[in-house]
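The values are calculated or read from the model by the stated rules, or taken from the named source; none is laboratory data. A quick note: this is a predicted structure, and the numbers were derived from the prediction, not measured. For neighbour counting, all protein chains shown are included, and Cβ atoms are generated from backbone atoms with ideal geometry for every residue, glycine included.
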């Protein structure tokens, strides 16, 4: 899998600025959930989709073909990142009850991931 088409469209769609907006949105959700008193299982549910996706991308993408994104790919290709993603999923299984709030947190995180990657396909402006 080559990162060049994704990188090119990401760069023309706002690149790091949109990445920072996405990160900001995710952290706002996590902080809000923590402040609101949601349990750690719900917070793990909100974090798991990102960790799993990025671990998969790191393993699937070729850092040598990633151009300016090579360091990003190398970061997520690190076996320790896969270990962390797996550990978080195990904590999610252990700490989170199957409740509407947990499912909603996971679903919201998935929607944020989709929105982040969809942003690369939007015209900049």
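Of note:
- Scanning segment 55-69 for residues that are surrounded by 20 or more Cβ atoms within 10 Å (Cβ to Cβ) and either without any contact (Cβ under 8 Å) to a residue 24 or more places away in the chain or within 18 Å of residue 110 (Cβ to Cβ) (or both) turns up just one, 55.
- Residues of segment 79-125 that turn out to be outside any helix (DSSP H, G or I) and under 23 Å from residue 32 (Cα atoms), as a count: 4
- Single unsatisfied condition, residue 74 versus (1) surrounded by fewer than 16 Cβ atoms within 10 Å (Cβ to Cβ); (2) out of contact with any helix residue (DSSP H, G or I) (no Cβ under 6 Å at 6 or more places or on another chain); (3) at pLDDT below 95: (2)
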